[in-house]
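Accompanying notes for the structure given below.
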Amino acid sequence: MTAHTTSLKVGDQVVDLPVKEGTIGPAVVDIGKLYAQTGMFTYDPGFTSTAACESKITYIDGDEGVLLYRGYPIEQLAEHGDFLESCYLLLYGELPTPTQKHDFDYRVTRHTMVHEQMMRFFQGFRRDAHPMAVMVASVGAMSAFYHDSTDISDPYQRMVASMRMIAKMPTLAAMAYKYSIGQPFVYPKNDLDYTSNFLRMCFAVPCEEYKVNPVLSRALDRIFILHADHEQNASTSTVRLAGSSGANPFACIAAGIACLWGPAHGGANEAALQMLQEIGSVDNIPKYVAKAKDKNDPFRLMGFGHRVYKNYDPRAKIMQKTCHEVLNELGIKDDPLLDVAIELERIALSDPYFIEKKLYPNIDFYSGITLKAMGFPNDMFTVLFALARTVGWIGQWKEMIEDPGQRIGRPRQLYTGEPKRDYVPMAQRR
Ligand code: CMC
């Protein structure tokens, strides 16, 4: 993979550094020996120019607005496949044959129940706990309930842990929701597909028949496909870093969920809807656009901008279409929030500030309106993101563990604190 070298002048010294080429995308300069050769580190807070690993799973071309899972465009996967097919693809590298798909669906379905004692674990939470807090805790707790699949050196246990997480995440997410509204937990029903089962666990009650709406189920399944992986984003890098120490996969995914929660990352879907609600009407948009452009105002347009995409986020386009489909199916003719979103997008995309900074709507811009229409409360949006991203986290974690060259992740720093100084006894301090 090392195609050639490049020279770097550091002070008076010139060092040759290997350049590695990927299959597509920018090449990287391998600086692994830079410190040994020059005594200097590189400095890149926020990792804007640093590739932290090699990966074969997901590719993004941010300038062109391209997203590929194992080489397949997200648009094609979202249109033709289902979420579990994308899960298989992300985990194993190829689209499944009909037999492989049937077997995979069967294995996931047979792991959907959670340990009965987890019900009691849930009772410890306050009813008003944020469901993301409940998810961080309950996924972390899985390492206590499923300790038999925490030996990461055993490929079989790694596979069982992966299946357990993909299968049980909808059950835990639905439990977090049911607990918050004081309704009884609904057990999984294994003759339903993955997403229909999740909808039923969220919205069925014991006293009534629940019929899954296939249009909504298909729409949510597509939303899950869009969120399934996104290469080395903050939460995935968190999972990799946590996993690099040999921590068990349940603990690593819990760390990923905690990171996802922040409003700059997965929490943006909740924040975007709150922002649309706060704007309230099309007349107020100019005021908020002005706030977003004001350097002295911390306000940002939530659901806008992305570290990698400097073009329309390809997921946002599919999400926008899905949003219209869902509102149509539910007979929602006039959603004032949708009017605000469409007009906000139009104004922002023609404003020089957003054009110059290449700020486009991202996946979170339309997802809140869609999920709200389906009946999910705001604080469940990021939980749904976590549910879908779990396969990406696991795929990336497995890739790292199975890499023979894997080492603990340990960034270095530029120290700007006090130099060495002697301890001053308490009595002498002024
Ligand atoms: N509204 C107004 N200005 C913005 C926005 C925004 N949403 N996003 C970036 N900018 C400006 C920012 O002020 C900066 O201006 P300047 O160069 O004059 O200082 C410039 O654009 C670059 O911003 P940055 O913060 O340096 O960019 P970043 O790559 O570090 O941050 C981001 C990316 C996604 C955190 C940021 O765009 C943001 O905060 N967006 C809103 C939150 C959001 O929607 N997040 C979801 C991301 S997609 C889902 C996911 O991956 O989880």
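The values are calculated or read from the model by the stated rules, or taken from the named source; none is laboratory data. Remember, it's a predicted structure, so these values are computed and weren't measured experimentally. Here the Cβ is made from the backbone with ideal geometry for all residues, glycine too, and neighbour counts use every protein chain on show.
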Item to check | Complete set of residues in region 236-270 that are surrounded by 24 or more Cβ atoms within 10 Å (Cβ to Cβ), of a type outside the set (A, V, I, L, M, F, W, C), within 14 Å of the ligand (Cβ to nearest atom) and at pLDDT 95 or above | outcome: T236, G256
Checklist entry - So, in region 271-283, of the ones that are away from the ligand (no atom under 14 Å from the Cβ) and of a type outside the set (S, T, Y), which residue ends up surrounded by the fewest Cβ atoms within 10 Å (Cβ to Cβ)? => result D283
Checklist entry - Does F203 satisfy being crowded, with 23+ Cβ neighbours inside 10 Å and more than 18 Å from the chain's Cα centre (by Cα)? => result no
Item to check | Output for region 342-367, where each listed residue is within 11 Å of the ligand (Cβ to nearest atom) and not hydrophobic (A, V, I, L, M, F, W, C) | outcome: D351, Y353, E356, K357, K358, Y360, P361, N362, D364, S367
Item to check | Some residue of region 318-341 being closer than 21 Å to F385 by Cβ, within 16 Å of the ligand (Cβ to nearest atom), without any contact (Cβ under 8 Å) to a residue 24 or more places away in the chain and charged (D, E, K, R) | outcome: no
Item to check | Criterion violated by K291 - all others in (1) basic (K, R); (2) buried (at least 20 other Cβ atoms within 10 Å of the Cβ); (3) within 11 Å of the ligand (Cβ to nearest atom) satisfied | outcome: (2)
Next on the checklist: Need pairs with beta-carbon distance below 7 Å; first residue within 27 Å of H306 (Cβ to Cβ) and among the acidic types (D, E) and within region 22-49, second within 16 Å of the ligand (Cβ to nearest atom) and not in a loop (DSSP other than H, G, I, E, B); sequence gap 6+ or separate chains.
Outcome noted: none
Item to check | Yes/no for N378 being more than 12 Å from the ligand (Cβ to nearest atom) and either among the hydroxyl-bearing types (S, T, Y) or closer than 27 Å to N233 by Cβ (or both) | outcome: yes
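Yes/no matrix, rows are residues, columns are (1) crowded, with 22+ Cβ neighbours inside 10 Å; (2) within 27 Å of I57 (Cβ to Cβ):
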{"position": "E356", "(1), (2)": "no, no"}
{"position": "S367", "(1), (2)": "yes, yes"}
{"position": "R389", "(1), (2)": "yes, yes"}
{"position": "E399", "(1), (2)": "no, yes"}
{"position": "E402", "(1), (2)": "no, yes"}
{"position": "L414", "(1), (2)": "no, no"}
{"position": "R429", "(1), (2)": "no, no"}
Checklist outcome for this item: Here the residues within region 8-27 that are over 15 Å from K56 (Cα atoms) and in a strand (DSSP E or B) are L8, K9, V10, Q13, V14, V15, D16, L17, P18, V19
